[in-house]
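See below for the structure under consideration.
Coordinate-derived values only; no laboratory data. Owing to the predicted nature of the structure, the values given are computational and were not obtained by experimental measurement. When we count neighbours, we look across all protein chains shown, and the Cβ atoms used for this are built from the backbone with ideal geometry, even at glycine.
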Amino acid sequence: MSSVAYILLFSSAAITGSMVLAWVYQRVRSLMIRCPSKRNMKGKTVIITGASSGIGKETARDLASRGAKVILACRSVRKGQAAANDIRATTKSEEVYVKHLDVSSLSSVRKFVDETTQEESRLDVLINNAGISAPNEQVITEEGLEITFATNHLGHFLLTNLLLDLLKKSAPSRVVVVAATAYRFGEASEFEFMSGYPNVAEYAPLGAMYCHSKLANVMFTLELAKRLEGAGVTVNCLHPGIVNSEFYQKSSKYLQNFGSLSWLFFKSTTEGAQTSIYLAVSEEVDDVTGKFFSNCREEKLEKQALDAYDAKELWEMSEKLTSL
């Protein structure tokens, strides 16, 4: 073997070793991350979308254990009731309730809000947790919306805006948006396409649609935070990490291939829920708004998420599409 080949082999091994060590460091760090706050949530009301499984369910479990009244807003009431029964059994809390909500349907969102505002006198924390990765083939909802954009952004946009009066009335209150670092690969120029102009030839599931919707999550967070300045309502978003949950098991063949070793490579649902919990309860973020977090720490946003013009355009488009 030539000296050049030895050098190339050594360099490749060094790079691989460095990548493995970096991954081990991040994995060990994520295992150690826990929301440090011991804040009691008795007397507080929390709504969590998509809380029948995964990090939504574990977030609900934690907040119920702190004494909060927790409303699981779920597309499947049957799965929601099973989750609520499990949470009640482990936390000994009876203040866990289930309401039907399909965030991909604007009519479902409006019905949920109508019932909630009639039944609830306060809302202290709204956690926009529900989401999908994107179907393999383009799906258009009954309301003419691309389903990934409708589920991950538009439904939550409408839900949050319709609940703002209740959130303001309950101030200080919080809105927590589950986004993802995948926003870095999103493009604001694609929002119009996602808003309901079907073009199957351009459709790309996870590689595009999901990333664009996560960019929309972040831009919505920042724009809403600006609009709520002085209202006593904070708005922050987060990346939960790659979690061994139903969401990733359905969307990632790579995760499925890890099988029983997935616990070693990916976060558990409890670990993945920690940043959502942190933003919902921590005293450290009482006055923090319009920020992005991961592993219970603020992270700097990439420039495409900070474009004020694109954020304003997204907001106006979302208002039109949801008839807000």
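Side notes on the structure shown:
- Every pair of different Cα atoms in the stretch 123-194 enters the Kirkwood calculation, which places the hydrodynamic radius at 13.8 Å.
- Taking label points 7 Å from Cα along the Cα-to-Cβ direction, N40 and E192 give a separation of 5.5 nm.
- Simple point charges give the picture: +1 on the Cβ of Lys and Arg, -1 on the Cβ of Asp and Glu, and for the stretch 107-175 a dipole about the Cα centre of about 360 debye.
- Greater than 30 Å apart at Cα, pairs in K79/K214; K169/K267; K57/K320; K44/K111: K169/K267; K57/K320
- Semi-axis lengths, Å, the stretch 34-132, gyration tensor of Cα atoms, sqrt of 5 times eigenvalues: 21, 15, 12
- Per-peptide packing, taken as the mean over residues of other Cβ atoms within 10 Å, places 134-147, 94-107 in the sequence 94-107, 134-147 from highest down.
- Cut-off 13 Å, label 7 Å out along Cα→Cβ of S121, residues of the stretch 168-193 by amide N: 170
- When +1 charges are put on Lys and Arg Cβ atoms and -1 charges on Asp and Glu Cβ atoms, the dipole computed for the stretch 272-322 relative to its Cα centre reaches about 160 debye.
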